[in-house]
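The values are calculated or read from the model by the stated rules, or taken from the named source; none is laboratory data. Computed from a prediction, not measured in an experiment: that's the story for all the values here. So basically every Cβ, Gly included, is an ideal-geometry build from the backbone, and we count neighbours across all protein chains shown. Surface accessibility is based on the protein's heavy atoms, side chains included, excluding ligands, DNA and RNA. Shrake-Rupley method; radii C 1.70, N 1.55, O 1.52, S 1.80 Å.
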Amino acid sequence: MNNSGPTKRMRTAVARTATATLIIALLIFWAWAFLLYEPPGNPDRLEDRNWTTAAEQLCALAVSSINNLPAAIESPSPKHRADVIDRATLLLNKMVENLGALTGGTDRDLDLIDKWLDDWSIYLNDRSNYAHRLRTEGDVRPYLTALPSGAGSYVDRMNGFARVNDIQSCLDPGDI
């Protein structure tokens, strides 16, 4: 007598059951991945949307004031351009101060905001240095501090944060 028949059928049944179970598990996983799983989104996106609304309003006021200044690029001399840049930088300093005083936000939000405002501080220092160089060296190009990684500048990161959080008025005003 040959006992291999039932054993072979049993192995085949186990293999089919295992294969079917694996296929069903994969289908369930991919259904969950595509239909039910919601990815966390951008890690720089603030949770408190009330904060971003208030920030947008503050930044819009600053940008409006800057837009009322003469265009720095049309200045008749480097010294005049430096004066215009200094006036705009004062407005931006006040804007950053007001942004730092806004209340609300989760602990995570506040940490992100602090880092963003630190980037603004570096950018504002670059603006002041540029105005100083215009006065002392004449017509020079602006210099924006590069990130330690060398991949972009602080202003790039600062603007990225503003875009992710839908606070378009909080972008670099582009006046220099």
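Before moving on, here are some points about what is shown:
For (1) within 21 Å of ILE122 (Cβ to Cβ); (2) of a type outside the set (Asp, Glu); (3) out of contact with any Pro (no Cβ under 9 Å at 6 or more places or on another chain); (4) part of a loop (DSSP other than H, G, I, E, B), each residue gets a yes or a no:
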residue: THR17; (1), (2), (3), (4): no, yes, yes, no
residue: THR21; (1), (2), (3), (4): no, yes, yes, no
residue: ASN42; (1), (2), (3), (4): no, yes, yes, yes
residue: ALA54; (1), (2), (3), (4): no, yes, yes, no
residue: SER65; (1), (2), (3), (4): no, yes, yes, no
residue: HIS80; (1), (2), (3), (4): no, yes, no, no
residue: ASN93; (1), (2), (3), (4): yes, yes, yes, no
residue: LEU99; (1), (2), (3), (4): yes, yes, yes, no
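- Scan of the stretch 101-147 for residues that are assigned to a helix (DSSP H, G or I), open to solvent by less than 80 Å² (accessible area, probe 1.4 Å) and within 14 Å of ILE176 (Cα to Cα), ordered by number: TYR123, LEU124, ASP126, ARG127, SER128, ASN129, TYR130, ALA131, ARG133, LEU134
- Filter pass, SER149 being touching a Leu at 6+ places or on another chain (Cβ under 9 Å) and of a type in the set (Ser, Thr, Tyr): no
- The stretch 148-175 - residue that is in a loop (DSSP other than H, G, I, E, B) and over 23 Å from ASN67 (Cβ atoms) and, of those, most open to solvent (accessible area, probe 1.4 Å): PRO148
- Restricted to the stretch 71-100, and to residues there that are under 25 Å from ARG163 (Cβ atoms) and among the β-branched types (Val, Ile, Thr), the residue that is most open to solvent (accessible area, probe 1.4 Å) is ILE73.
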